[in-house]
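The values are calculated or read from the model by the stated rules, or taken from the named source; none is laboratory data. Worth saying up front: this structure is predicted, and the values here are computed from it rather than measured. As a convention, Cβ positions derive from the backbone with ideal geometry for all residues, glycine included, and neighbour counts pool all protein chains shown. Remember, those area values only see protein heavy atoms, side chains included, never the ligands or the DNA or RNA. Shrake-Rupley method; radii C 1.70, N 1.55, O 1.52, S 1.80 Å.
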Amino acid sequence: MAVDPLIELSGVNKYYGELHVLQDVDLTVGRGEVVVVIGPSGSGKSTLCRTMNRLETIESGTISIDGQPLPEEGRALATLRAEVGMVFQSFNLFAHKTVLANVSLAQTKVRGRKKDEADKRSRELLERVGLEDQADKLPAQLSGGQQQRVAIARALAMDPKVMLFDEPTSALDPEMINEVLEVMQQLARDGMTMVVVTHEMGFARSAANRVVFMADGRIVEDRTPEGFFTAPESDRAKDFLSKIL
Ligand code: ADP
Ligand code: MG
């Protein structure tokens, strides 16, 4: 695809003490692109995601979003975190707030919206993820799949430029995985730029523009899904695929 880069990582290195967890990572994600990141446990996938909204700092290299280097602190950092939405394996909803309040809260605090305006937007987004009739419930009254859809609505309410998903379905019972993947598929079709760490290979095949395979802190392959799944080049990828497919 003609690349209009939205995210650019260049020469990124990150250490946890002695552990060189990201090694010379170069990655460009184009606007509207869906990049699926896969690889063995411990290969640095979560760390990679977390560097993109500065939940983790890096030791060297550069990261920019929409042409701007990541801000280090203050208001600009809060704005960055809003613009780079993140959905985790654990949904991290506020247990004592309603579904509606969970989706509205950051809109008023970070985006400066009035409560009615935020609630209106929240209801639109809850409808988009199929939860319009759950607005007044507490998170514990919802299934895991529903809670994860609330977390997606909450991130979308910030009008993000990109959405990062770090194993969003890994904590879910099997029968709930598809309802979350379907919401993500729809987002992809609507043109959202997405970076998705997942073991759901069906999703990777159908939604990804590119598959990035990581091992030991490096990007080992960066390919089309067809290319990657039908003819992985590296021994690491062949080995990984033989274990999961
Ligand atoms: P993945 O998401 O691919 O499983 P991670 O990015 O979570 O990998 O972790 C990469 C490596 O960094 C692993 O060896 C992990 O144990 C280590 N690691 C992750 N977070 C920390 C941390 N906060 N402190 C020290 N080591 C960490
Ligand atoms: Mg991880």
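Restricting the search to the range 63-109, which residues are part of a loop (DSSP other than H, G, I, E, B) and either closer than 13 Å to Asp159 by Cα or touching a strand residue (DSSP E or B) at 6+ places or on another chain (Cβ under 7 Å) (or both)?
Asp66, Leu70, Phe88, Gln89, listed by residue number.
Listed here are the residues, each with its yes/no results for (1) more than 16 Å from ligand 1 (Cβ to nearest atom); (2) within 28 Å of Gly32 (Cα to Cα); (3) open to solvent by less than 10 Å² (accessible area, probe 1.4 Å).
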residue: Val99; (1), (2), (3): yes, no, yes
residue: Val103; (1), (2), (3): yes, yes, yes
residue: Arg111; (1), (2), (3): yes, yes, no
residue: Lys115; (1), (2), (3): yes, no, no
residue: Arg123; (1), (2), (3): yes, yes, no
residue: Asp133; (1), (2), (3): yes, no, no
residue: Lys137; (1), (2), (3): yes, no, no
residue: Ala140; (1), (2), (3): yes, no, no
residue: Gln147; (1), (2), (3): yes, yes, no
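May I ask you to say which residue of Val36, Val12 is within 14 Å of ligand 1 (Cβ to nearest atom), in a strand (DSSP E or B) and closer than 18 Å to Arg223 by Cβ?
Values: Val12 fails: closer than 18 Å to Arg223 by Cβ.
None of the others qualify; the one that does is Val36.
If you scan the range 76-93, which residues turn out to be within 16 Å of ligand 1 (Cβ to nearest atom) and open to solvent by 40 Å² or more (accessible area, probe 1.4 Å)?
Of all residues in the range 76-93, those within 16 Å of ligand 1 (Cβ to nearest atom) come to 86-90.
Correct list: Phe88, Gln89, Ser90.
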Subject >> Of all residues in the range 1-24 being crowded, with 16+ Cβ neighbours inside 10 Å and within 15 Å of ligand 2 (Cβ to nearest atom), the one that is nearest to Ser206 (Cα to Cα) >> reply: Leu22
**OP:** Any residue in the range 10-31 that's on the phi > 0 side of the Ramachandran plot: show its pairings with residues that are assigned to a strand (DSSP E or B) and open to solvent by less than 10 Å² (accessible area, probe 1.4 Å) at Cβ separation under 8 Å, as long as the two are six or more apart or on different chains.
**Re:** Gly11/Val25; Asp24/Val12
**OP:** Quick one: which residue in Leu181, Leu187, Leu245 is at pLDDT below 95, of a type outside the set (Val, Ile, Thr) and out of contact with any strand residue (DSSP E or B) (no Cβ under 6 Å at 6 or more places or on another chain)?
**Re:** Leu245
